[in-house]
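Only the coordinates and a few stated rules stand behind these numbers; no lab work does. Just so you know, these numbers come straight off a predicted model, no measurement behind them. Positions of Cβ are generated from backbone atoms using ideal geometry, with glycine treated the same way; all protein chains shown enter the neighbour counts.
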Ligand code: DAT
Ligand code: MG
């Protein structure tokens with residue numbers, strides 16, 4: 001697997017519920033590297049851009065109202081296979097179906113309050129990183145732990 005980057009966001013419910021450090025620690029302990037992070041309240045227009053693929057869905061308006069209702073922690077995480085495996089750490093979209101051990105399985109109940117977003121594929125990841133971050137906000141650096149994480 002290649003070293004790649006994915007966009008992860010802690011939604012307003014995750015922030016309000018005090019789950020920022022819990023969520024960050026799951027990615028960090030796995031071995032992924034945090035290369036960008038900020039906290040902001042997105043505008044509704046920005047939320048609509050982020051969820052543009054879902055604009056025909058009946059829950060789109062409520063979803064965009066929700067994402068723009070308070071602070072969101074926006075992040076970029078890097079590592080081998082992080083796009084796909086990040087989705088595994090997060091769990092199924094509906095917490096009713098998310099396995100225990102996943103972020104949503106352990107920490108959420110309702111689909112509309114599922115606390116975290118993660119890019120669903122490599123192309124989406126690139127687009128979402130470009131939407132949420134300027135290139136200079138992404139930090140290139142090495143971790144000494146990498147030699148213990150990768151053969
Ligand atoms: P995911 O966040 O797992 O990528 P998605 O991209 O299909 O899921 O949908 C984006 C968000 O929209 C999801 O995290 C929660 C909300 N959502 C999805 N399906 C929903 C539904 N049936 N009812 C209400 N909200 C829904
Ligand atoms: Mg999605």
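Annotation for residue 124 and residue 21: the two label points, set 7 Å from Cα along the Cα-Cβ direction, are 3.1 nm apart. Per-residue Cβ neighbour counts within 10 Å put 43, 6 in the sequence 43, 6, beginning with the fewest.
Listing 52, 144, 13, 106 from the residue with the fewest other Cβ atoms within 10 Å to the one with the most, what is the order?
Numbers: 52 12, 144 6, 13 21, 106 15.
Taking fewest neighbouring Cβ atoms as first place, the list is 144, 52, 106, 13.
By the count of other C-beta atoms within 10 Å, a proxy for reagent exposure, 148, 77, 132 are ordered fewest to most as 148, 132, 77.
Expressed as a fraction of 2.2 N^0.38 Å, the rule-of-thumb size for a compact globular protein of N residues, what is the C-alpha radius of gyration of the chain?
Working: Rg = 14.9 Å, N = 151, 2.2 N^0.38 = 14.8 Å.
That works out to 1.01 for the chain.
Computed extension gain for residue 39 through residue 151, at 0.36 nm per residue and net of the alpha carbon distance, reaches 36.9 nm.
Using Cα pairs closer than 8 Å and at least 6 residues apart in sequence, work out the relative contact order for the chain, in percent. Don't skip to the answer; put the middle values down first.
Values: 241 pairs, mean separation 51.2, N = 151.
Relative contact order here is 34 percent.
Sort the stretch 78-151 into rounded, prolate or oblate with this rule: let a ≥ b ≥ c be the square roots of the eigenvalues of the Cα gyration tensor; rounded if a/c is under 1.5, and if a/c is not under 1.5, prolate when a/b is larger than b/c, oblate otherwise. It is oblate, given that a/c is not under 1.5 and a/b is not larger than b/c. Approximating the spin labels as points 7 Å out from Cα along Cα→Cβ, the residue 88-to-residue 54 distance works out to 2.4 nm. With helices as the sole contributors, the chain gives -10500 deg cm²/dmol at 222 nm; each DSSP H run of n ≥ 4 counts as -39500 (n - 2.57), and the sum is divided by every residue.
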